[in-house]
Amino acid sequence: MCGAELQSLPEGVQRVARALQDAGHPHAPVMLDDAARTAQQAADALGIHVGQIAKSIIFRRKADDVAVLVIASGDRRVDEKKVDAIVGKTGRADAEFVKAKTGFSIGGVAPIAHVQPPVTLIDRELFRFEEIWAAAGHPHGVFKLRPHDLERLTGAPVADVAQAPAG
């Protein structure tokens, strides 16, 4: 992406695009016609399995008020007890906390380019897929990557943080 293309994007998407470009990532953010605030909406818009959506869930660590980012497969629920066992006791993060700590609004939280670096965990369930998509800093913005790219881009460990699937 050149500078002119970047300037036409929302600020959060610009931050993500720059981070991807700086990391040498081959895929720039794309803007969808419709909002993709949920994993299902994003999967529908992209024509992919909901599990291929790398959703960014933010928790608030109680001990120090740090943001904890869990990047989870869209078809799995995060098991908060598993997260707490790894990073310490967490609680829910409201929209104001998410925006202050990440620079993104709920529904568009990217796994990278946060205004304050979060403690990050990557759900191992994402590795079931060759290709995944993540939010790019805006409810209409997404970018393509592979699960291993998430490790490289975030430096985060892969962990078992998902609830077992029902059935």
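The values are calculated or read from the model by the stated rules, or taken from the named source; none is laboratory data. Values in this document were obtained by computation on a predicted structure and should not be read as measured data. Quick reminder, even Gly has a Cβ in these numbers, built from the backbone with ideal geometry, and neighbours come from all protein chains shown.
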Quick one: how many residues across region 135-159 are farther than 14 Å from ALA17 by Cα and either aliphatic (A, V, I, L, M) or at pLDDT 95 or above (or both)? 13
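If you scan region 122-161, which residues turn out to be in a strand (DSSP E or B) and under 21 Å from LYS99 (Cβ atoms)?
ALA134, ALA135, GLY141, VAL142, PHE143
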Given (1) surrounded by 15 or more Cβ atoms within 10 Å (Cβ to Cβ); (2) touching a residue at least 24 places away in the same chain (Cβ under 8 Å); (3) under 16 Å from the mean Cα position of the chain (by Cα), index of the condition GLN41 fails: (2)
Flagged in region 52-62 as surrounded by 16 or more Cβ atoms within 10 Å (Cβ to Cβ) and over 17 Å from PHE143 (Cβ atoms), in numbering order, are ILE57, ILE58, PHE59, ARG60, ARG61
Return a yes/no flag: does region 129-143 have any residue that is without any contact (Cβ under 8 Å) to a residue 40 or more places away in the chain and out of contact with any Lys or Arg (no Cβ under 7 Å at 6 or more places or on another chain). no
Only one of (1) free of Cβ contacts under 8 Å to residues at least 12 places away in the same chain; (2) more than 20 Å from ALA36 (Cβ to Cβ) does not apply to LEU121, and that is (1)
Tell me, yes or no, whether region 105-119 has at least one residue that is in contact with a strand residue (DSSP E or B) (Cβ under 6 Å, 6 or more places away or on another chain), surrounded by fewer than 23 Cβ atoms within 10 Å (Cβ to Cβ) and assigned to a strand (DSSP E or B). yes
How many of the residues making up region 120-132 are surrounded by 21 or more Cβ atoms within 10 Å (Cβ to Cβ) and either aliphatic (A, V, I, L, M) or more than 15 Å from the chain's Cα centre (by Cα) (or both)? 4
ALA162 versus (1) more than 19 Å from VAL16 (Cα to Cα); (2) free of Cβ contacts under 8 Å to residues at least 24 places away in the same chain; (3) aliphatic (A, V, I, L, M): which is the lone unmet condition? (2)
